[in-house]
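J.: Once you've had a glance at the structure underneath, I'll fire off some questions.
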Amino acid sequence: MTASIPDSFILRGTAAQGTLRLVGMDATRIAEDARVRHGLSKTATAALGRTLTASLLLAVVLGKKSDSRVNLRVEGGGPVGWIVAEGSTDGRVRGYVRHPDADLPIRERDGKLDVSGIVGTDGEIAVTRLLDNGEPYTGSAGLVSGEIAEDVSTYLGVSEQIPNAVLLGVYEEGGRVAHAGGLLIQAMPGVTDETLGKLEANIRAMGQITDNLRRGGLLEAISRATEGLDLHLAPDAQSARFECRCSRERAADSLKFFTAPERQEMIDAGGQEIVCHWCGERYQLSPEEIAALDDQGQHAQA
């Protein structure tokens, strides 16, 4: 269902003589993969698509190693429940929502998907990452809009002390994701008030990021945001994809948390299906595979 959609990718660059750092992402295929995998409603697709994009942008900005992971959780009390995404600096991302079929009508005031309404604003955004010493650190901030982009920007400013601008968007057409992406611009030491003023004016003038993605793709959005600010993009794009870390072996290992009588019930029932909540992959485990778990335990005790 996603064969005709180009692969997602990440672009990096600087502007204003290195006083602005930017990370942009085309997340169209990732958002469509998530929609198909989880059977998401239209508004839930937009909410998760934005969050998946944000987690990868945060991984690039906050990650310290080539495979650093950043876990982003948004919970605002809305119909969709919680939203969780895990992005890695190597371009892999996965995520899910609590209620994938939750949906709301288009907003009458602007004709947009009501992401804020489905997410809610009575809650927080939490980001977990590993520090240099390998210890996990979780920072959080209260939700300000439920639109995800503003909430991520607030988190970076409050919890990470990083002046920034964040743009996220998902545009759906014909029952699938047609365009999705995001842009994170970070103010670096030495940035001038003139540069920040120009950046703010550019962002106001460019309008919705999805409008720019529809007109000319990610490059259009980046160019509009950094117009007149001496943009320099890295020559190579990094591929990005929806990819889970689940496996048949991990699915089987999850049954070790059940008691032996409970596993016997699964065997008697002809096996057990395990569904990965991260990606929706289904693993049908046979009675023999389940029985082997008890055999392994007996060998370990011997």
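J.: Kindly list, by first and then second residue, each pair from a residue in the stretch 257-276 that is under 26 Å from ARG37 (Cβ atoms) to a residue that is among the small types (Gly, Ala, Ser), limited to pairs with Cβ atoms under 6 Å and residues at least 6 apart or on different chains.
T.: GLY271/SER286; ILE274/ALA251
J.: Another question, if that's okay. Which number in (1) in a helix (DSSP H, G or I); (2) in contact with a Lys or Arg (Cβ under 9 Å, 6 or more places away or on another chain); (3) more than 27 Å from VAL191 (Cα to Cα) marks the one condition that ALA59 misses?
T.: Of (1) in a helix (DSSP H, G or I); (2) in contact with a Lys or Arg (Cβ under 9 Å, 6 or more places away or on another chain); (3) more than 27 Å from VAL191 (Cα to Cα), only one is false for ALA59: (3).
J.: Only one of these is assigned to a strand (DSSP E or B) and surrounded by fewer than 19 Cβ atoms within 10 Å (Cβ to Cβ): THR128, THR154. Name it. Talk me through it step by step, then tell me what you get.
T.: Working: THR154 fails: assigned to a strand (DSSP E or B).
Checking each option against the conditions leaves just THR128.
J.: Could I ask something else about it? Can you tell me which of (1) surrounded by 15 or more Cβ atoms within 10 Å (Cβ to Cβ); (2) touching a strand residue (DSSP E or B) at 6+ places or on another chain (Cβ under 7 Å); (3) within 23 Å of ILE30 (Cα to Cα) is the one GLU220 doesn't meet?
T.: Result: GLU220 fails condition (2) only.
J.: Right, here's the next one. Inspect all residues belonging to the stretch 81-102 and state whether any of them is surrounded by fewer than 20 Cβ atoms within 10 Å (Cβ to Cβ), touching a residue at least 60 places away in the same chain (Cβ under 8 Å) and farther than 26 Å from ILE10 by Cβ.
T.: Within the stretch 81-102, one or more residues are surrounded by fewer than 20 Cβ atoms within 10 Å (Cβ to Cβ), touching a residue at least 60 places away in the same chain (Cβ under 8 Å) and farther than 26 Å from ILE10 by Cβ.
J.: Among the residues of the stretch 250-259, are any within 25 Å of the chain's Cα centre (by Cα), surrounded by 15 or more Cβ atoms within 10 Å (Cβ to Cβ) and modelled with pLDDT of 95 or more?
T.: no
J.: Give the stretch 66-76 a look and list any residue that's more than 19 Å from THR43 (Cβ to Cβ), assigned to a loop (DSSP other than H, G, I, E, B) and in contact (Cβ under 8 Å) with a residue 40 or more places away in the chain, or say none.
T.: Kept after step one, since they are more than 19 Å from THR43 (Cβ to Cβ), are these residues of the stretch 66-76: 66-71.
Then drop every residue that is not assigned to a loop (DSSP other than H, G, I, E, B), which leaves 66-68.
Of everything in the stretch 66-76, just one residue is more than 19 Å from THR43 (Cβ to Cβ), assigned to a loop (DSSP other than H, G, I, E, B) and in contact (Cβ under 8 Å) with a residue 40 or more places away in the chain, namely SER68.
J.: Take the residues of the stretch 175-196 that are under 24 Å from PHE9 (Cβ atoms) and among the β-branched types (Val, Ile, Thr): which is surrounded by the most Cβ atoms within 10 Å (Cβ to Cβ)?
T.: Here the residue is VAL177.
J.: Of all residues being of a type in the set (Lys, Arg) and outside any helix (DSSP H, G or I) in the stretch 6-56, which is nearest to ARG92 (Cα to Cα)? Just the residue, please. Lay out the reasoning, then the answer.
T.: The first filter runs over the stretch 6-56 and keeps only residues of a type in the set (Lys, Arg), leaving 12, 21, 29, 35, 37, 42, 50.
In the following step, the residues that additionally are outside any helix (DSSP H, G or I) were identified as 12, 21.
Details: ARG12: 16, ARG21: 21 Å.
So, considering only residues that are of a type in the set (Lys, Arg) and outside any helix (DSSP H, G or I), the one nearest to ARG92 (Cα to Cα) is ARG12.
J.: Grab the helices (runs of 4 or more DSSP H) fully contained in the stretch 158-264, keeping just those with 3 or more residues being farther than 28 Å from ASP7 by Cα.
T.: Working: elements: 193-206, 209-225, 248-254.
In the stretch 158-264, the matching helices (runs of 4 or more DSSP H) lie at 193-206, 248-254.
J.: Quick check on GLY197: is it closer than 24 Å to ALA46 by Cα, in the same structural domain as ARG12 (by TED's automatic domain parsing) and of a type in the set (Gly, Ala, Ser)? Break it down into steps so the answer makes sense when it comes.
T.: Numbers: closer than 24 Å to ALA46 by Cα: no; in the same structural domain as ARG12 (by TED's automatic domain parsing): yes; of a type in the set (Gly, Ala, Ser): yes.
No.
J.: Please tell me if ARG107 is loosely packed, with under 15 Cβ neighbours inside 10 Å and of a type in the set (Lys, Arg). Let's see the steps before the verdict.
T.: Numbers: loosely packed, with under 15 Cβ neighbours inside 10 Å: yes; of a type in the set (Lys, Arg): yes.
Answer is yes for this residue.
J.: Within the stretch 77-125, restricting attention to residues that are assigned to a loop (DSSP other than H, G, I, E, B) and in contact with a Pro (Cβ under 9 Å, 6 or more places away or on another chain), which residue is farthest from VAL177 (Cα to Cα)?
T.: GLY120
The values are calculated or read from the model by the stated rules, or taken from the named source; none is laboratory data. Note that the structure is a prediction, hence the values are computed from the model and not measured. No Cβ is skipped: glycine too gets one built from the backbone with ideal geometry, and neighbour counts run over all protein chains shown.
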